[in-house]
1. Could you count how many residues in the range 30-53 are free of Cβ contacts under 8 Å to residues at least 40 places away in the same chain and β-branched (Val, Ile, Thr)?
2. For a quick check of your reading of the model, give me the residue pairs whose first member lies in the range 115-130 and is of a type in the set (A, V, I, L, M, F, W, C) and modelled with pLDDT under 95, whose second is surrounded by fewer than 15 Cβ atoms within 10 Å (Cβ to Cβ) and assigned to a helix (DSSP H, G or I), with beta-carbon atoms closer than 7 Å and at least 6 apart or on different chains.
3. Looking at (1) loosely packed, with under 13 Cβ neighbours inside 10 Å; (2) modelled with pLDDT under 95; (3) closer than 19 Å to residue 112 by Cα; (4) charged (D, E, K, R), which one does residue 35 not meet, given that it meets all the others?
Amino acid sequence: MTEENRYTFSAVMSFTIEIESKLVNFYKTAAERVEQTKLKELFSTFFKRSLDRRDTLTRVRRETVIEMTLEPITGLKLKEYALQIERIIKDEEANYLEKAIKLEGINLELYDKASVRVKYTSADASEVLNRFSQESANRMNALLKERNYN
């Protein structure tokens, strides 16, 4: 395992907070720019929920016992996730709906893997990340239904 794939708990949580911040900005912009009412409502809801998710992740990171955060966490390729997310957000050919579907798919995978990796460091963080993985799956399903409806 390369050194770049070893993270502290704090680094993993900081990364997920950064991802949620990107989603906050993405969904805010998407809600302002799309014209379809249903999609505008979905994006607005996701924007507000991503704000809540970011705040929850920040709280969990802050409340985790410091000694436990020094254990290395391996098996996550956070830089790859970051690059994928950046590419999707910057893709000028894809519409907001397609971007959102891809972003939620990446988040589902990231949060699912991260929840398993931080389980022994912080059960609370693992629970939160697992819940967010499920929420991303639900978001993706709602977006797919919207795509199929149009």
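The values are calculated or read from the model by the stated rules, or taken from the named source; none is laboratory data. Note that the structure is a prediction, hence the values are computed from the model and not measured. Because the Cβ atoms are built from the backbone with ideal geometry, glycine has one as well, and the counts that use them run over all protein chains shown.
1. Taking the range 30-53 and keeping what is free of Cβ contacts under 8 Å to residues at least 40 places away in the same chain, we get 31-32, 35, 37, 40-41, 44-45, 47-48, 50-52.
Now narrow it down to the ones that are β-branched (Val, Ile, Thr): 37, 45.
Count: 2.
2. none
3. For residue 35, the failing item is (3).
Per-residue answers, yes or no, for (1) surrounded by fewer than 16 Cβ atoms within 10 Å (Cβ to Cβ); (2) farther than 18 Å from residue 126 by Cβ; (3) at pLDDT 95 or above:
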site	(1), (2), (3)
5	yes, yes, no
29	yes, yes, yes
45	yes, yes, yes
48	yes, yes, yes
66	yes, no, no
